Amino acid sequence: MKKIMMISGALIFVSIILISCGGSKEINVKLNSTSIKGGLSDYFNVVEGTYKVTADEKYTGAAFPNHYQIKVQFKRNDKAFDFDAQSVLKLVGGFNLYCDLLDEQTAPVIQADRGGMITQGGSDGVEALASLKSGEIGWVIYHFSGEPVIMKKVKYFSIDSESGKNLLRSSNSPTSANIGNSSTVLGSVDCDQFIKDYSDFADSYIKLLKKYKANPTDTSILTEYSEAAQKAMNLQKDATNCNDPKYAKKLMEIAIKIAQAAM
């Protein structure tokens, strides 16, 4: 579920990137700190070494001219997890290490999205880190998109994290529901309405993809893309509140529809 959401989220940014071209595909970057921030800081460190932002090996070809990746190496620390890591991995937004790209002053240039719909900083390999033993090493590949003028500013990277312990506790506790109302409310989010909004967004975004494919030189797509990107960010905030199994199948179906349309 989480991987599908990451894939679909990354595809949201295709249109704007397609219009850009040129620029270096290899950028030397420095590790801001071997320590990571957030809920997994006691369990992992980033391995000191030489890192590069390079052309993305996952999103290749003319359709993805400005997609980049960075491979980051993590080392498992001695401290045992004080939560069930395998259970957290099944929850959207749980057990994640986020990579942020920084400028010369270590201010964010491109920040990884936190939450269920990953539009920047999507990752491959985070799940495998949960199984590492003390002292073992694992790699995570992070995916980004950005115009060359933006990527030139990237000099450092840092790692933030979320254990997902709070999500695990929430998923094991009774959820509140409106009696006599079929709409389940998790926290302050009406998840049935969220599913409808996400489905509507998918339909509008697929239309945007078709418009681009019909005329790739149409720069008016930039405005529509900006609106779609903002909508995606708003939906991302609600996605983590709707990780109940009741909604997993519906979310996956919508995510697959977006992914298939972008291929």
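Overview of values
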item: Cβ-based net charge around Lys79, under 13 Å, with every Lys or Arg adding one and every Asp or Glu removing one; result: 0
item: Simple spin-label estimate for Lys196 and Thr34 in nanometres, 7 Å along Cα-Cβ; result: 5.4
item: Environment charge at Asp160 (Cβ cut-off 15 Å; Lys +1, Arg +1, Asp -1, Glu -1); result: -2
item: Net charge over other residues, Cβ less than 12 angstrom from the Cβ of Ala202 (K, R count +1; D, E count -1); result: +1
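Values in this text are rule-based calculations from the coordinates and carry no lab data. Because the structure is predicted, anything quoted here is derived from the model rather than measured. Don't worry about glycine lacking a Cβ; one is built from the backbone with ideal geometry, like all the others, and counts go over all protein chains shown.
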